[in-house]
Amino acid sequence: MLNFPRNEIQTELYREMHSALSCVKRKSYSEESLGNVFNVYLKLPHPRPLHMSRFHLEMMVKSYLAAEKSIFGLQFQYLTLIDEILECDMPISSAEFAAYLSYVSTARSTNRAEDRLYITLKLFRDLEDSGLKATDASVFNVLLIAAIRCHKLDVVSQILSEMKARGIDPDRFTFVNLIYFHGKLHNRDMVRQMVESAMKSNQVIDNVIIESIISAFVRCRDIHSAEQLLDFVEKQGIEHGWDLKRLKLMERRILASNFKQITENMQNDQSAEVKEVAVTVGPLETSYDPLLSYYAAKGDFDELVNLIDRLDRNNLSRRRAYNLLFKAFCIHGNRTNMNWTSERLETVYSTFVEYCETENILDRALSVWIVRAFAIVTLDLKRVVEVWDQLISIYTKDGTELKGISSKFEDTLLWSKSYVTTRTRFKPNYRRKTPQFSVIN
């Protein structure tokens, strides 16, 4: 129950808070739904956390834990909430401690990753000095991610040393971060060593770990090993009857939530049989991203088509594949490379249009790359305008409003006219324009 005396206005706030919180999960913890909750929270008298029921406060905090940490509006809201909870001398859990640091480490108060790292480390020390203690790996995982973003090998070593000194064992996400880190350093031996350490510590080897290994192998240019691991994932999916489209979002979350419990049981009693759930490994769309990115950047058209066929066999969406395929036409088209011709572009585009009839995957980013690809490869402004008009009709055929892509569309058309007219060479910024290609850097 609420801690302040109930009157007509406050009872209405209680109902409004309950109504707003009940919509959050149904709307997948979106910025809008959490914003509605926070607006109701701001109506409460100070100190706000003490004027909420325990149930509503816990539900509100857990909702922010499940949300995307990089959204600026949610960063401000969650940091405000936790600051006010701490001001009331109320305890926060280890997960809330970790989320607090995670929101700070991704906050856009500064654009430099190194600055965000040291702000996060200082906050970590300040919170520990105030009495909060990191008791499991989740808090240190946040610090690891912040250090890995700016390639601070010395900070990564210090964090791991402190975990060891406190007797905190790494969990599966610690190993995922370390595999990713050594992949960025192109250190294949350390990647394999991290995989062996994860298996020896009885970590559950699921899709998250396997996909991090595939990505690391690609970064280390060990394409053969990455292909072998992807083959293994596909075979496991066939063996267990894996079908992503039949798994509802809630079923996937339940499956993921059991991994931690399974790991704990295996670590506590290595001879015990775990019976909670059969951990299934199978192909996801993200399983193919590293290899799709590699072959797109390399300009290997045949391998890209082969991967798309494998996506189809596993009943997975082609969305990411088409995105990277049209980006590849922007990079390799209209050059000496004979694999990226206008005839092939037309063929790929026609299959894309047919695919959109069954699953409309067109979004703003994809439409921009398609228009640019036609401008670069064909140098035919009339054809570019025809494609532009057709993409608009595809985008709006379900009643979707055009305002979400109109400005970007118009800018792209103007750019295409300029490109075709002047025939200037287009060199996309690899870091900003083609982030998935960074896997080969």
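Rounded if a/c is under 1.5, else prolate if a/b is larger than b/c, else oblate: which is the range 9-107, with a ≥ b ≥ c the root eigenvalues of its Cα gyration tensor?
oblate
Spatial offset of the range 147-210 relative to the range 317-391 amounts to 39 Å, using the alpha carbon center of each. Measuring between alpha carbons in the structure, the pairs from Lys62/Lys397; Lys27/Lys298; Lys27/Lys133; Lys184/Lys417; Lys133/Lys184; Lys62/Lys133 lying more than 28 angstrom apart are Lys62/Lys397; Lys27/Lys298; Lys27/Lys133; Lys184/Lys417; Lys133/Lys184.
Modelled this way, with points 7 Å down the Cα-to-C-beta line, the labels at Ser30 and Glu16 are 2.1 nm from one another. The length gained on full extension between Lys417 and Met338, counted as 0.36 nm times the residue separation minus their Cα-Cα distance, comes to 26.0 nm. Between the beta carbons of Arg149 and Ser93, assuming R0 = 22 Å, the FRET efficiency works out to 0.30 to the nearest 0.05. Note on exposure: Thr347, Thr358, Thr106 ranked by accessible area (1.4 Å probe, complete protein assembly) read Thr358, Thr347, Thr106, with the most exposed listed first. Take the Cα of Phe232, step 7 Å toward its Cβ, do the same at Ser317, and the gap between the two points is 2.8 nm.
Judged by the ratio a/c of the largest to the smallest principal axis of the C-alpha gyration tensor, the range 118-204 counts as oblate, that ratio being 1.5 or greater while a/b is no larger than b/c.
Quick check: with the 1.4 Å probe, what order do Val24, Val420 take by accessible area, largest first?
Solvent-accessible surface, decreasing: Val420, Val24.
The values are calculated or read from the model by the stated rules, or taken from the named source; none is laboratory data. Values in this document were obtained by computation on a predicted structure and should not be read as measured data. Every residue, glycine among them, receives a Cβ derived from its backbone with ideal geometry; neighbour counts consider all protein chains shown. Heads up: the accessible areas ignore ligands, DNA and RNA and are worked out on the full protein's heavy atoms, side chains in. Shrake-Rupley method; radii C 1.70, N 1.55, O 1.52, S 1.80 Å.
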